[in-house]
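Encoded as structure tokens, here's the structure I'll be asking about.
The values are calculated or read from the model by the stated rules, or taken from the named source; none is laboratory data. All of these numbers come straight from a predicted model, not from anything done at the bench. FYI the Cβ positions are ideal-geometry reconstructions off the backbone, even for glycines, and counts take in every protein chain you see. Keep in mind that these areas ignore ligands, DNA and RNA; they rest on the heavy atoms of the full protein, side chains included. Shrake-Rupley method; radii C 1.70, N 1.55, O 1.52, S 1.80 Å.
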Amino acid sequence: MTTVPPLSSSTKVDLSRSRALLLDDNRAHLDMLGGVLNGFDLRKQNKCETVEAAKDALYGAQFDLVMVEAAMANEDGFEF
């Protein structure tokens, strides 16, 4: 078995070639999360405020990262 050494505090995580789908019914949370991901150079972000919009985004695109709010007011992120 191969052991991977832990990352040091100076290690930079580069997500510049990644694409993310973000789902949250709160626009402020989407913007905040998007800002955090920008810090990792993740610029290709598809932000959705409804499960329906997120499902539509999945058709025709591939995502490396999907982040979903589990407890949305009118929809269930677990069901997504």
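From the phi angles alone, apply the Karplus equation (6.51, -1.76, 1.60; θ = phi - 60°) to region 65-73 and give each ³J(HN,Hα) in whole Hz, x where the residue is Gly or Pro.
Values, residue by residue: 9, 10, 10, 10, 6, 6, 10, 8, 4 Hz.
How large a share of the accessible area of the chain, in percent, is made up of carbon and sulfur atoms when the probe is 1.4 Å and the other protein chains stay in place?
Details: 3050 of 5830 Å².
Carbon and sulfur together cover 52 percent of it.
Given H placed on each backbone N at 1.01 Å, which residues far from LEU42 in sequence or on other chains put an amide H within less than 5 Å of it?
Residues meeting the criterion, in which the H sits 1.01 Å from N, are LEU15.
What Kirkwood Rh does the chain have if only Cα atoms enter the pairwise 1/r average? Answer in Å. Mind dumping the intermediate values first?
Numbers: mean 1/r = 0.0718 Å⁻¹.
Kirkwood hydrodynamic radius for the chain: 13.9 Å.
Using alpha-carbon pairs under 8 Å, 6+ residues apart, how would you state the relative contact order of the chain in percent?
Details: 99 pairs, mean separation 28.8, N = 80.
Contact order relative to length: 36 percent.
Per residue, how much accessible area does the chain have with a 1.4 Å probe, in Å²?
Working: 5830 Å² over 80 residues.
Here the residues of the chain average 73 Å² of exposed surface.
Quick one: of the DSSP bridges fully inside the chain, what percent are antiparallel, nearest 5?
Numbers: 1 of 10 bridges.
Antiparallel: roughly 10 percent of the beta bridges in the chain.
Residue by residue through region 25-39, what is 3J(HN,Hα) from phi via Karplus (6.51 cos²θ - 1.76 cosθ + 1.60, θ = phi - 60°)? Round to whole Hz and write x for glycine and proline.
Running phi through 6.51 cos²θ - 1.76 cosθ + 1.60 with θ = phi - 60° gives 7, 10, 4, 4, 5, 4, 5, 5, 4, x, x, 4, 5, 4, x Hz.
Using a 10 Å cut-off on Cβ atoms, rank the peptides 63-76, 43-56, 1-14 from the highest mean neighbour count down.
On the way: 63-76: 13.5, 43-56: 16.0, 1-14: 6.1.
Listed from highest to lowest mean packing, they are 43-56, 63-76, 1-14.
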